Amino acid sequence: MANLRVGLIGLGMMGRHHARVIREVEGLDLVAVADAVGDPHGVARDLPVLGSVQELIAAGIDMAVVAVPTGMHEEVGLALAAAGIHALVEKPIAASVPAGQRLVDAFAGRGLVGAVGHIERFNPALQSLRRRLANGELGEVYQIATRRQGPFPSRIADVGVVKDLGTHDFDLTAWLAQSRYESVFAQTTTRSGRQFEDMVSATGKLANGVITNHLVNWLSPMKERLTVVTGAKGAFVVNTVTADLTFYENGTVATEWDSIGAFRGVSEGNVTRLAIAKPEPLRTEHEAFRDAVLGLGSDVVTMAEGQDTLLVAEAMLESSRTGQVVRIQS
């Protein structure tokens, strides 16, 4: 079978990683790249740098990766859908809920694979955790808490931290719990002098009763990417930077040393760092997209799921403006 012909539009920080991985994945050929402002990272190599999505389409591609700024996702995505080209669009799906819905409808209406690049779903530690939760290793899940903090990224200019960074955690939380958000409450602040928020503290409740907590900012001097899932049998902790998965078992041994008991708790269980294979998440994401286009699998983050995540983000921004809990319509 001939390799799929892939086009890439957007040659910035994320685009260069997409280009590298496309060239590495079996069954894919990167045949065209486009960016209206050029190729700062030398992604093109021997390919000409095209100037528009229409030029990319004219190169005769089967599928495309869209890594342009969020505000351009709708325009580029709709052009690809109209041309009958499958697309993987970087997250968030679009800058607004109406724009996201137009993308969902366009790709579904043409029977095309439309995917959103919520890459954390492909982190090996989170994939292992989801399997373990589905197998009942934690029992009933009570809470999912995330912390995603770090220095300000100068590359992001058209959305705030809720849509750019927070959407990672909103998506992975619903995916781990296998349930949609029912309601959210959020508080944001802007400290960097930009137009958009750069810090959010949010809580939520999923339809299945799981409660959530999210701390996200661009203002911390350290980089932190942590997911904690607490349930009936203990807690799983994921560091997605290192793809480490650790299980803290509920206490089974009473602590007789009073001073340590007061510090650690009344009892302790086993703590196990689990050994898992660690393939690169972006490579796994591209392999899943390739397989979906070939009709061999369906592990991509669909545009409908990306739209659900955008709805959560918009609800959090509304909550921060109104000071009220916002219910999310299913």
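The values are calculated or read from the model by the stated rules, or taken from the named source; none is laboratory data. None of these values were measured; they are calculated from a predicted model. Neighbour counts run over all protein chains shown; Cβ positions are idealised from the backbone, glycine included. Note: areas computed on protein heavy atoms with side chains; ligands, DNA, RNA excluded. Shrake-Rupley method; radii C 1.70, N 1.55, O 1.52, S 1.80 Å.
What to note about this one:
- Checking Ala83 against (1) aliphatic (A, V, I, L, M); (2) open to solvent by 20 Å² or more (accessible area, probe 1.4 Å); (3) closer than 30 Å to Gly160 by Cβ, the condition it does not meet: (3)
- The one condition in (1) of a type in the set (D, E, K, R); (2) open to solvent by less than 50 Å² (accessible area, probe 1.4 Å); (3) within 30 Å of Leu245 (Cβ to Cβ); (4) without any contact (Cβ under 8 Å) to a residue 60 or more places away in the chain that Arg131 fails to fulfil: (2)
- Of the residues making up the stretch 210-226, those that are open to solvent by less than 40 Å² (accessible area, probe 1.4 Å) and under 21 Å from Gln324 (Cβ atoms) are Thr212, His214, Val216.
- Selection count, the stretch 97-126, where residues are out of contact with any His (no Cβ under 9 Å at 6 or more places or on another chain) and without any contact (Cβ under 8 Å) to a residue 40 or more places away in the chain: 7
- For Arg23, the conditions (1) surrounded by fewer than 14 Cβ atoms within 10 Å (Cβ to Cβ); (2) at pLDDT below 95 all hold with the exception of (2).
- Here is the figure for the stretch 286-305: residues that are within 15 Å of the chain's Cα centre (by Cα) and either assigned to a helix (DSSP H, G or I) or more than 21 Å from Asp105 (Cα to Cα) (or both) total 6.
- Of all the listed residues (Ala108, Ala64, Ala79), the sole one being out of contact with any strand residue (DSSP E or B) (no Cβ under 9 Å at 6 or more places or on another chain), among the aliphatic types (A, V, I, L, M) and modelled with pLDDT of 95 or more is Ala79.
- Number of residues in the stretch 1-18 that are open to solvent by less than 80 Å² (accessible area, probe 1.4 Å), over 19 Å from the mean Cα position of the chain (by Cα) and of a type in the set (Gly, Ala, Ser) equals 1.
- Residue within the stretch 243-254 that is among the aliphatic types (A, V, I, L, M), open to solvent by 50 Å² or more (accessible area, probe 1.4 Å), at pLDDT 95 or above and in a strand (DSSP E or B) present: no
- For the stretch 181-199, the set of residues classified as in contact with a helix residue (DSSP H, G or I) (Cβ under 9 Å, 6 or more places away or on another chain) and farther than 12 Å from Ser320 by Cβ consists of Tyr181, Ser183, Asp198, listed by residue number.
- Each residue in the stretch 1-28 was checked for being in a loop (DSSP other than H, G, I, E, B) and charged (D, E, K, R), and 1 pass.
- Take the conditions (1) under 16 Å from Ala292 (Cα atoms); (2) open to solvent by less than 10 Å² (accessible area, probe 1.4 Å); Leu56 misses just one of them, which is (1).
- Residue count, the stretch 306-328 (criterion: of a type in the set (A, V, I, L, M, F, W, C), assigned to a helix (DSSP H, G or I) and open to solvent by 50 Å² or more (accessible area, probe 1.4 Å)): 1
- Tallying residues that are more than 12 Å from Tyr248 (Cβ to Cβ) and surrounded by fewer than 18 Cβ atoms within 10 Å (Cβ to Cβ) within the stretch 227-238 yields 1.
- Index of the failed condition, Met199 passing every other in (1) free of Cβ contacts under 8 Å to residues at least 40 places away in the same chain; (2) surrounded by fewer than 15 Cβ atoms within 10 Å (Cβ to Cβ); (3) touching a strand residue (DSSP E or B) at 6+ places or on another chain (Cβ under 9 Å); (4) not small (Gly, Ala, Ser): (2)
- Screening Ala134 on (1) touching a helix residue (DSSP H, G or I) at 6+ places or on another chain (Cβ under 9 Å); (2) of a type in the set (A, V, I, L, M, F, W, C); (3) over 17 Å from Glu280 (Cα atoms) shows it passes everything except condition (1).
- Members of the stretch 164-173 found to be in contact with a helix residue (DSSP H, G or I) (Cβ under 7 Å, 6 or more places away or on another chain) and open to solvent by 10 Å² or more (accessible area, probe 1.4 Å), listed by number: His168
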